[in-house]
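The structure under discussion appears below in the form of structure tokens.
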């Protein structure tokens, strides 16, 4: 009956990191202005850090933006470091201001 059970002899630990970033686009006078800055940031974060990124809140607000970022790895320290670097990158990104963020590891 061993064929019915999953084989976990060589199981590797997995860490999932979740980051929620709240930002404001101060010089945005329309949703089109905001989306231009948001798209640029999303593309750069995705390409530079190899993470998943989505705008998850304040979709119809012309200045407020909320991102969800996710990373998966086999080392909690690596995932935490990766998401912390994303926060630093967002903090220094031209055109927006970081308001708040929440980072969690599972």
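Rule-based calculations on the coordinates, nothing more; no lab input. Predicted model, so just to flag it, every value in this text is computed and none were measured. Every residue, glycine among them, receives a Cβ derived from its backbone with ideal geometry; neighbour counts consider all protein chains shown.
Quick notes on this structure:
- With the simple model of a label 7 Å out from the Cα in the direction of the Cβ, residue 43 to residue 13 spans 3.8 nm.
- Expected-Rg normalisation [2.2 N^0.38 Å, Cα atoms] applied to segment 14-105: 1.05
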